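Every read-out reported here was derived from the displayed coordinates using simple, explicitly stated rules and does not represent laboratory data. Model, not experiment: these values are computed from the prediction. A quick note on method: Cβ atoms are made from the backbone with ideal geometry, for glycine too, and the neighbour counts reach across all protein chains shown.
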């Protein structure tokens, strides 16, 4: 099974465990260096702590970070449920992404929450971007370089393709990313 497909299978297992309130994770899904980024900001900085604080890193990275965030979410939304949306691998084994749906009711008020959560899982730590030109959110550029990739510092609304890997820095690049991704797929759009 390709790395991207294996990652999607692990994500399916993670959704199943989350909904069962399980805190055990599939082997190899997160290592101690896995960083959770919300709207482009590392989780530890959202807590108002420096990312170099060892205690903060212990709580916010890897499996502990997943458990920390899961428990907080399950406390705020006691009946929270994740449902799998469309997930796909990028065809390179380097990334998987898509959407999951989060629903439930807020504690205390009972107000419903139904939202789509975009996910983007990259296997940079496994070395699969080594030698590939790719873009990322600007703050993640050093991570691409550390993983052996060639960071493409491009405008926020542009995308870059290297073989079958299509990447972009952020959501304003969706049109450029989609156009390049469709080209990689061999899709022809005619009027």
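What list do you get for 151, 137 if you sort them by fewest beta carbons within 10 Å? Numbers along the way, then the final one.
Working: 151 21, 137 16.
Taking fewest neighbouring Cβ atoms as first place, the list is 137, 151.
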task: Would you mind ranking 190, 130 so that the residue whose beta carbon has the fewest other beta carbons within 10 Å leads the list?
output: 190, 130
query: Over the C-alpha atoms of segment 129-185, what are the Rg and the largest Cα-to-Cα span, Dmax, in Å?
result: 10.5, 29
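What is the gain in length, in nm to one decimal, between residue 150 and residue 190 on full extension, counting 0.36 nm per residue of separation less the C-alpha to C-alpha distance?
Numbers: separation 40, 0.36 × 40 = 14.40 nm, distance 3.40 nm.
Extra length available between residue 150 and residue 190 comes to 11.0 nm.
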